[in-house]
Each structure stands twice: as structure tokens, then as C-alpha cells.
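> Got a structure for you, questions after.
A short reminder: the numbers here are calculations on the coordinates, not readings from a lab. Since the structure is predicted, the reported quantities are computational estimates derived from the model, not experimental observations.
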Amino acid sequence: MPESNSTEDSQGAAPPGRTGKRIAGGIFLILASMALFYVGVDAIADPDAVISRSSNSSRSPDTEAEAKIGGFLLFMFGVTVLGFGIGMIVSKGPLFAKRKD
């Protein structure tokens, strides 16, 4: 009888399940996305506060449009980070691995 190759057996095996590090990383990303949401919505809702904080810097102060665009970009980045955080918790295998159908 020919011996089975261990690499062939491991290729057909199921992907590893969720680990503690993966769940902790997902929770961290979800919390980071909440912080990004808060800062982004704050910049969109109150651009005057952003303008007043930027006036203390050595560069020219932000305009209202720049503050709103920056807040929108932070909000959208928060959506992306939230998606990755949820993906880390929900998926059981690697996030970007090719699946064999």
C-alpha cells in the first residue's frame, strides 16, 4: 500500500476555526470603527469646532468644506473598519483565501 502524503491530506482539511486572537482583533476593530464614527460625525455636525481646533496650528485653518469632507472620509473609513471587524468574527477561515468549489 502506498503511504499517503501528509501535504495532500492537509489541503483537503477544513480551515481552522475562530481563535481567541481573531475574536479579540475583531472586537478591537469594531471599537476602533466606533471611534472613527464618533470623530467623523462630530466633524460633519460641528465643523466650527474643527475650524477652531485647526486655527491653533501653524498651517492655515480648515474651512467648513474641508472639515465636512474630512469628517465624511473618517466616517467612510469607519464603515470599512467595521466591515473587517465583523468579517474577522463571523468568518471561520482566512479572510482573503481562495475557496475551492
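> I'd like the Karplus ³J(HN,Hα) series for the range 33-41: coefficients 6.51, -1.76, 1.60, θ = phi - 60°, whole numbers in Hz, and an x wherever there's a Gly or Pro.
5, 5, 5, 5, 4, 4, 5, x, 5
> At a temperature of 4 °C and a viscosity of 1.567 mPa s, determine how fast the range 19-91 diffuses translationally according to Stokes-Einstein, using the Kirkwood radius over alpha-carbon pairs as Rh; express D in µm²/s, rounded to the nearest whole number. Intermediate values should be presented prior to the final figure.
Numbers: Rh = 13.2 Å.
In µm²/s, the coefficient rounds to 98.
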